[in-house]
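Inspection log for the structure reproduced underneath, given as C-alpha cells.
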Amino acid sequence: PCRERGEISVAAVSLEDCATTSALAELAIRAALRWLREEQLIVVAMGKLGGGELNVSSDIDLVFVHPDAADPERLERTGRKLIALLSEVTEDGFVFRVDMRLRPYGDSGALVSGFDALEAYFVGQGREWERYAWIKAHAVSGFDLDIKNLEEIVRPFIFRKYLDYATLAAMRRLNAEVRRDVARRE
C-alpha cells in the first residue's frame, strides 16, 4: 500500500538496503579474488552476509575453504591478502571489516581449511551453534563442482539424520536465548 502512494516504508528500505549491501560485499570479495588471481579459493559467507542481511555497519563473517589444501602456505597468504584488501584502512577508508572467527577452531584454526579437514572438524568438534550458523552460509566464490562438493560435506553436518537428547536440549537452550534477547530488546 505505501508503494502505491509513492511512499516507501522503513521496513522495505531496510530490507532493500541489506540486500544491496550484501550484494556489494559479495561483489567486492569476488573482485578482490580476481585481482589476486585466486578464483579457486572458496569464500563462504556466514552470519548476516550469508543470510543477505548485511547492513552498512556490519562486519563480514567469512570462512575460507579449498578442495585440496596441498599448498597451505600459498592459500594462507592468499587469504591474508584478501582480508587486507577488504579491511585495511587507507586514505579512502576501508571496504568491509572481516571476521574470520567462525572458521573451524576459531582464531587458533587454520585460515584456510581443506575439505577433509573441514569434514573431520564437523564430525569430531562441530558444535550445535555452528550447525545453525552454517544454515545461512553460502559460497561466494569457487568453481561450481567444488561448491557442490562442499555442500555435500556441510549438509550432513547441518541436517543430522538422527536427533539425540543432547541436540534437542541444545535447540531448547538456543531458543530460550533468542527469546531472552528479543525480550531484552523490546
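For this structure, a couple of remarks:
- Per the conditions (1) closer than 30 Å to Ala176 by Cα; (2) assigned to a helix (DSSP H, G or I); (3) in contact (Cβ under 8 Å) with a residue 12 or more places away in the chain, the sole criterion not satisfied by Lys81 is (1).
- When we screen Leu102, Leu86 for residues that are open to solvent by 10 Å² or more (accessible area, probe 1.4 Å) and within 25 Å of Cys18 (Cα to Cα), the only hit is Leu102.
- Neighbours by Cβ (under 9 Å, 6+ apart or cross-chain): first from the stretch 28-42, under 16 Å from Asp146 (Cβ atoms); second of a type in the set (Phe, Trp, Tyr) and part of a strand (DSSP E or B): Leu41/Phe64; Ile42/Phe64
- Meets criteria (of a type in the set (Gly, Ala, Ser) and either within 15 Å of the chain's Cα centre (by Cα) or surrounded by 18 or more Cβ atoms within 10 Å (Cβ to Cβ) (or both)) for Gly93: no
- Residue count for the stretch 105-119 satisfying the condition of being surrounded by 14 or more Cβ atoms within 10 Å (Cβ to Cβ) and either part of a loop (DSSP other than H, G, I, E, B) or on the phi > 0 side of the Ramachandran plot (or both): 3.
- Note on the stretch 41-66: residues that are open to solvent by 10 Å² or more (accessible area, probe 1.4 Å) and β-branched (Val, Ile, Thr) total 1.
- If you go through the stretch 72-83 and keep only what is open to solvent by 10 Å² or more (accessible area, probe 1.4 Å) and at pLDDT 90 or above, you end up with Glu73, Arg74, Glu76, Arg77, Thr78, Arg80, Lys81, Ile83.
- Residue in the stretch 143-151 that is surrounded by 15 or more Cβ atoms within 10 Å (Cβ to Cβ) and assigned to a loop (DSSP other than H, G, I, E, B) present: no
- The residues of the stretch 169-180 that are modelled with pLDDT under 85 and more than 17 Å from Ile135 (Cα to Cα) amount to a single one, Ala169.
- Criterion applied to Trp134, Trp129, Trp35 was being among the hydrophobic types (A, V, I, L, M, F, W, C), touching a Phe, Trp or Tyr at 6+ places or on another chain (Cβ under 7 Å) and either within 30 Å of Tyr162 (Cβ to Cβ) or not in a strand (DSSP E or B) (or both), and the one residue passing it is Trp134.
- Ala69 falls short on exactly one of the conditions (1) crowded, with 18+ Cβ neighbours inside 10 Å; (2) within 17 Å of the chain's Cα centre (by Cα); (3) not hydroxyl-bearing (Ser, Thr, Tyr), and that condition is (2).
- Scanning the stretch 120-135 turns up at least one residue that is touching a Pro at 6+ places or on another chain (Cβ under 8 Å) and open to solvent by 60 Å² or more (accessible area, probe 1.4 Å).
The values are calculated or read from the model by the stated rules, or taken from the named source; none is laboratory data. A quick note: this is a predicted structure, and the numbers were derived from the prediction, not measured. Note that each Cβ is placed from the backbone with ideal geometry, even for glycine, and that neighbours are counted across all protein chains shown. With ligands, DNA and RNA removed, areas are computed over all heavy atoms of the protein, side chains included. Shrake-Rupley method; radii C 1.70, N 1.55, O 1.52, S 1.80 Å.
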